[in-house]
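First comes the structure, then the notes that go with it.
Every number here is computed from the coordinates shown, using simple stated rules; none is lab data. Note that this is a predicted model, so its numbers are computed, not measured. Here the Cβ is made from the backbone with ideal geometry for all residues, glycine too, and neighbour counts use every protein chain on show.
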Amino acid sequence: MHQDLNNRANFQCQFMFVLPQQNRSKEMKRFEGKVAIVTASTQGIGFSIAERLGLEGASVIVSSRKQNNVNEALKKLKARGIEVLGVVCHVSNAEQRKNLIDKTIEKYGKIDVIVSNAAVSVAAASILETKESVLDKLWEINVKASILLLKDAAPHLQKGSSVVFISSIAAYQPQVPITMYGVTKTALLGLTKALAAEMAPDTRVNCVAPGVVPTHFAKFITKHDAARKAIEGKTLLNRLGTTEDMAAVTAFLASDDAAYITGEILIVAGGINSRL
Ligand code: NAP
């Protein structure tokens, strides 16, 4: 009997070891019965987060500004066997934010996880010379919309629910030409601390600060070989991040594995120097 248990444990150990990453996340069903909203989730980091939560059993609500992108994402996630609802939502549009929550509640009746991932970045050589309308847009999409979405969602958040903000390594050292973008990402770190205190103990609030990931968003840097290599060189792991790296950490923070973590920021940047 003892030998039999030993053999089984050995077999499971080897099995876990050889199982590819995505199948492993499929085996780990930390979000069974949970409902997760991910904003800006039709491509890039948001899509990978939706996919990861879905593969781990969550019913996922994907959204972004364009209906055709929502449709595409729905198709891909359904093909992976994920229970998913798609809703168009430009995060700075109050009606669309409310509709996102209403449609979620209509279909699933509750919210367990919100990942606030939408952001805009505007290049400018100088903060002092940035137009007021641009400052407003950066603040509105990157910070204010996250607060207002939570305001709409709050009555439906379950005991034990979890919020994850997606900030950036740029939060720690805002850099030209996207300095104000970096500053809005610094604001998310403060928002994480403030909302974690306000929403405890029923809801945990944490934050992921990604390093550079070669998505559409970061193309303006990563398409240049020299710039890409320079960033890789600044990491200790000699590579850029992947959307799956970000999804794995977001899923951890959103899951009960992080049940005793709130108000924290996890930097996922391959060891790039990141402290203030
Ligand atoms: P991405 O690949 O370009 O994807 C952006 C997604 O956001 C798309 O699905 C887009 O779809 C949607 N979107 C854009 N504006 C939106 C809005 N106003 N409302 C709702 N949806 C919107 O970008 P990403 O690199 O994954 O970036 C995601 C997050 O990671 C951002 O918060 C960004 O600041 C952060 N981040 C990225 C990096 C990086 O290197 N990539 C590094 C640090 C932090 P539609 O066009 O259909 O709206």
(message) Which entries of Lys103/Lys137; Lys66/Lys107; Lys76/Lys234 have Cα-Cα distances beyond 24 Å here?
(response) Lys103/Lys137; Lys76/Lys234
(message) To make sure I understand the rule: partners must be aspartates and glutamates, Cα under 18 Å from the Cα of Lys98, and not fewer than 8 residues away in the same chain. Which ones qualify?
(response) Glu106, Asp112, Glu140, Asp152
(message) Using Cβ contacts closer than 10 Å as the measure, can you line up Arg52, Arg204 from fewest to most?
(response) Arg204, Arg52
(request) Quote the relative contact order of region 78-195 in percent (integer), defining contacts as alpha-carbon pairs under 8 Å separated by 6+ residues. (result) 30
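Rank these for me by crowding, Met246, Met28, Met199, Met180, going from fewest to most other beta carbons within 10 Å.
Met28, Met199, Met180, Met246
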(message) Give me the net charge for the shell around Ala227: Cβ to Cβ below 13 angstrom, other residues only, Lys and Arg +1, Asp and Glu -1.
(response) +3
(request) Arrange Phe165, Phe47 by Cβ neighbour counts within 10 Å, fewest through most, would you? (result) Phe47, Phe165
(request) Would you mind classifying region 185-247 by shape? Square roots of the alpha carbon gyration tensor eigenvalues, ordered a ≥ b ≥ c; an a/c under 1.5 is rounded, otherwise it is prolate if a/b is larger than b/c and oblate if not. (result) prolate
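In nm, what is the difference between 0.36 nm times the number of residues separating Leu237 and Lys98 and their Cα-Cα distance? All intermediate terms of the calculation are to be shown ahead of the outcome.
Working: separation 139, 0.36 × 139 = 50.04 nm, distance 4.14 nm.
Extra length available between Leu237 and Lys98 comes to 45.9 nm.
Let me check I've understood the local charge: for Met180, count other residues with C-beta under 12 angstrom from its C-beta, Lys and Arg +1, Asp and Glu -1. What total comes out? Each step should come with its number before you reach the end.
Numbers: positive: Lys131, Lys137, Lys185; negative: Glu129, Glu132, Asp136.
That works out to 0.
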(message) Explain nothing, just the number: dipole magnitude of region 15-169 about its Cα centre with +1 on each Lys and Arg Cβ and -1 on each Asp and Glu Cβ, in debye rounded to the nearest 20.
(response) 420
